[in-house]
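The values are calculated or read from the model by the stated rules, or taken from the named source; none is laboratory data. This is a predicted model, so every value here is computed, not measured. Ideal geometry is used to build each Cβ from the backbone, glycine not excepted, and the neighbour counts take in all protein chains shown. Just the protein is used for accessible areas: all its heavy atoms, side chains included, with ligands, DNA and RNA removed. Shrake-Rupley method; radii C 1.70, N 1.55, O 1.52, S 1.80 Å.
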Amino acid sequence: MLLLFVSTLGVGGRLLPWRVCIPALRYLNSGEKLQCGPESAARRRSAEPAAPGEQAQHPQASSPSDRGARRLGGGCPGDSAARRGHPRGPSPGRARDLGAMAAAAAGPRPEAASPQWVPPEYDLAPRAAGLGDCEDTPVRPLCKPRGICSRAYFLVLMVFVHLYLGNVLALLLFVHYSNGDDSGDPGPPHRTPGPGPTPALAPLTRLEGIKVGHKQKVQLVADRDHFIRTLSLKPLLFEIPGFLSDEECRLIIHLAQMKGLQRSQILPTEEYEEAMGTMQVSQQDLFQLLDQNHDGRLQLREVLAQTRLGNGRWMTPENIKEMYLAIKADPDGDGVLSLQEFSDMDLRDFHKYMRRHKAESRELVRNSHHTWLYQGEGAHHVMRAIRQRVLRLTRLSPEIVELSEPLQVVRYGEGGHYHAHVDSGPVYPETICSHTKLVVNESVPFETSCRYMTVLFYLNNVTGGGETVFPVADNRTYDEMSLIQDDVDLRDTRRHCDKGNLRVKPQQGTAVFWYNYLPDGQGWVGDMDDYSLHGGCLVTSGIKWIANNWINVDPSKARQALFQQEMARLAREGGTDSQPEWALDRAYRDARVEL
């Protein structure tokens with residue numbers, strides 16, 4: 001095809017003008033052949049005015065265009081014979097033709113010098129009458145033109161146009177599919193040997209504290225602005241007055257009362273003993289673990305720093321001395337245990353003592369009652385509005401916020417407290433996060449609550465006490481052993497709450513929030529922030545109502561991604577059956593409560 005195209009371009013050595021090509025193409029489309037010869041010349045002579053004197057002098061002469069047409073291949077047999085008989089000189093008729101051509105060249109019509117193509121239908125009458133110099137010769141079809149204006153050229157041109165358009169379409173399709181959109185062509189089925197690659201998670205956002213006392217304006221609801229005030233930088237702690245309206249606070253309290261509250265617990269003794277049994281740690285290794293200053297002697301403060309579990313009893317120096325005396329662990333009674341004395345002690349006697357002495361409410365780590373309120377799809381519209389407000393406040397992804405724990409509502413009666421603690425625990429190889437353990441095929445002895453952020457709401461004004469204390473906020477350094485000095489335990493919120501660095505007084509509708517982890521420098525969870533140690537001071541008068549929104553994030557990015565992927569799959573496939581038990585709270589979504 002390419003050779004045909006090149007050969008067509010080479011015909012005649014030049015291209016014909018469009019005013020010649022267009023009529024030819026029209027008649028090619030009509031399916032008829034173009035004709036040349038004296039009939040066409042006679043037709044043109046009758047249609048065009050002749051020069052003065054030309055018709056009289058040469059009544060039978062052909063026009064120069066006729067001669068040109070014959071030279072293109074449509075001449076008469078007589079002329080061909082004359083040319084063969086006189087190879088070197090023109091015949092008399094030829095001389096007349098040359099004179100006519102000279103006269104025509106001097107005339108006002110320049111187009112007469114070039115061959116003209118006349119449709120065959122205009123020559124029917126002259127052909128029927130047998131007019132022209134070559135009456136005895138049948139009319140031959142017009143020879144091929146001296147250019148590219150032919151049927152072959154037209155076909156080649158159309159072929160190349162279609163090839164060009166096809167290439168353009170192919171390029172567009174290639175770009176379309178290379179962008180990853182294969183929805184139009186399912187192709188071969190994808191093989192997924194396992195759960196598939198986990199989706200990439202966006203970096204976790206953190207607000208900037210700037211400095212203590214700094215205020216920044218945010219819009220959490222449509223009709224008003226809120227102001228965030230920085231309370232401390234270690235931990236990164238903020239306060240937002242008016243986060244909840246008074247009506248929302250009263251509604252949350254009412255829904256919690258309808259749901260029913262239960263006594264808050266830390267960890268049952270049976271589970272604690274079972275966990276200790278699975279550790280398989282010798283007493284010598286346990287001693288090295290408790291001996292934080294590595295002086296070979298266990299002091300009271302070193303033991304107190306590790307006694308946060310058990311049956312939920314808060315241990316004081318007096319309690320430790322009483323226990324040593326009961327199980328005969330300290331023969332000299334100085335309150336300090338050597339490695340030999342610790343090795344001689346039977347740990348089972350310690351657990352028996354803890355079970356035998358039931359702690360009173362004032363001796364518990366946490367003296368309160370709590371319940372959980374569902375905030376997911378279908379929950380009360382106030383619960384949904386609060387969750388969406390928290391989503392805008394934290395600026396985290398909706399998947400992380402929606403898959404976090406429900407709202408915890410806590411009631412502290414008079415005498416209620418919560419000793420200083422951290423909301424989240426460090427994740428070691430032998431621990432796992434509570435919210436992701438269901439999707440990870442790992443067997444570990446311990447689990448902990450992985451709470452990236454804490455958002456705490458004050459639901460009422462407390463008559464006396466009930467502050468939230470941060471004992472070591474903005475300390476220059478942190479040392480766990482320095483929390484206990486000279487029988488003063490800064491973690492004890494019943495007796496030493498006033499000695500903490502920062503206290504926040506409860507005010508209805510106010511929210512405080514902080515980060516329990518430091519950043520890892522790559523947009524994810526790093527080490528636990530020890531400065532986030534906080535507690536609830538003793539309520540000396542009245543009742544204290546608070547609510548906690550914890551944002552759960554696994555320090556393992558891969559486990560968090562797998563958890564979100566699995567929860568999304570359950571939501572698609574399980575429908576309402578995959579909803580947690582908290583979905584029962586949806587029954588209150590249409591409640592109209594007069595408070």
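Please report, to two decimal places, log10 I(q)/I(0) for the stretch 203-251 at q = 0.26 Å⁻¹ as given by the Debye formula with identical point scatterers on the Cα atoms and no solvent.
-0.98
What does a probe at Lys211 reach in the stretch 513-531, counting residues whose amide N is under 16 Å from the point 7 Å along Cα→Cβ?
No residue passes the distance filter.
So how compact is the stretch 389-447: Cα radius of gyration and Dmax in angstrom?
My reading of the Cα-based Rg and Dmax gives 15.7, 44 Å.
Could you compute the net charge surrounding Tyr531? Neighbours are other residues with a C-beta less than 9 Å from the C-beta of Tyr531; K and R count +1, D and E count -1.
Net local charge, Tyr531 excluded: -2.
Roughly how many Å² is the accessible area per residue of the stretch 456-560, as a whole number, for a 1.4 Å probe?
37 Å²
What does the charge add up to near Pro506, with Lys and Arg as +1, Asp and Glu as -1, over the other residues with Cβ less than 12 Å from its Cβ?
Within the 12 Å Cβ shell, the charges total +1.
Could you order the peptides 216-227, 456-467, 378-389 from most to least packed, using the average number of other C-beta atoms within 10 Å per residue?
Going by the mean number of other Cβ atoms within 10 Å, highest first, we get 456-467, 378-389, 216-227.
Could you sort out which of Lys352/Lys505; Lys321/Lys544; Lys234/Lys544; Lys499/Lys557 sit more than 32 Å apart by Cα distance in this structure?
With Cα atoms farther than 32 Å apart: Lys352/Lys505; Lys321/Lys544; Lys499/Lys557.
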